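The values are calculated or read from the model by the stated rules, or taken from the named source; none is laboratory data. It should be emphasised that the depicted structure is a prediction, and the values quoted were computed from it without experimental measurement. Cβ coordinates were reconstructed from backbone atoms using ideal geometry, including for glycine residues, and neighbour counts include every protein chain displayed.
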Amino acid sequence: MKRLFIAFFIISSSFTFSQRWDGHASGFFGVLNPKARIQYELPISESLTTGANLNYYFVNWTGPLLEPFIRAYGRNGGNEEGWFFQAKLGYGNLKRIDIYELNDETENTRWSTFGGGLALGNKIIFKNNLTMEPLIGFRIYSSPNINEYGSNDDITDDAIDLGEDVGWFLTTGLPLDFQFKIGYQF
């Protein structure tokens with residue numbers, strides 16, 4: 001997976017030519033589900049860009065989530081600002097707390113989530129290349145596989161799975177993708 005992301009950035013950065021900007025870096029801190037988000041974007045043609053978001057979640061399922069994306073800008077004059085359509089894939093290596101029923105111990109375990117999404121956004125440039133970027137869309141990520149508690153009671157396992165899935169989709173795995181970032185375009 002790591003090689004796929006590296007190849008994606010090498011190929012996309014080789015397409016950067018004759019643009020009025022070389023890159024865009026932005027970020028913000030998530031309020032509803034505490035996380036830090038940084039983004040880097042590169043132009044690849046007159047109306048396309050590519051880049052990635054790196055999110056680090058601090059509550060519930062904690063850890064990094066990387067989302068490479070491609071954007072198509074609707075503006076005829078270029079891809080430096082304006083409305084865009086975005087498609088992304090994502091991979092996260094998150095940590096959760098497992099509680100074992102037999103001896104009441106807690107253990108941090110890591111697990112992987114995969115997904116993707118579609119969104120609409122608008123990049124607005126202010127004086128001195130400062131940017132503001134709101135984005136809204138839909139995303140879906142795989143929920144944690146928590147059927148590891150060692151209980152032979154299928155009803156208990158099903159209830160735990162359901163509770164974990166509901167918690168996941170109300171916090172870190174929320175399908176509504178709303179982002180607001182402030183950045184600099186150079």
May I ask you to say which residue of 154, 165 is over 25 Å from residue 28 (Cβ atoms), at pLDDT 70 or above and charged (D, E, K, R)? 165
Could you go through region 134-150 and let me know if any residue there is among the aromatic types (Phe, Trp, Tyr), modelled with pLDDT under 85 and touching a Ser or Thr at 6+ places or on another chain (Cβ under 9 Å). yes
Would region 73-80 turn up any residue that is in contact with a strand residue (DSSP E or B) (Cβ under 9 Å, 6 or more places away or on another chain), among the acidic types (Asp, Glu) and without any contact (Cβ under 8 Å) to a residue 60 or more places away in the chain? no
Please identify the pairs in which a residue from region 167-186 that is more than 17 Å from residue 40 (Cβ to Cβ) has its Cβ atom under 8 Å from the Cβ atom of a residue that is exposed (fewer than 14 other Cβ atoms within 10 Å of the Cβ) and aromatic (Phe, Trp, Tyr), counting only partners at least 6 apart or on another chain. 175/138; 176/138; 177/138
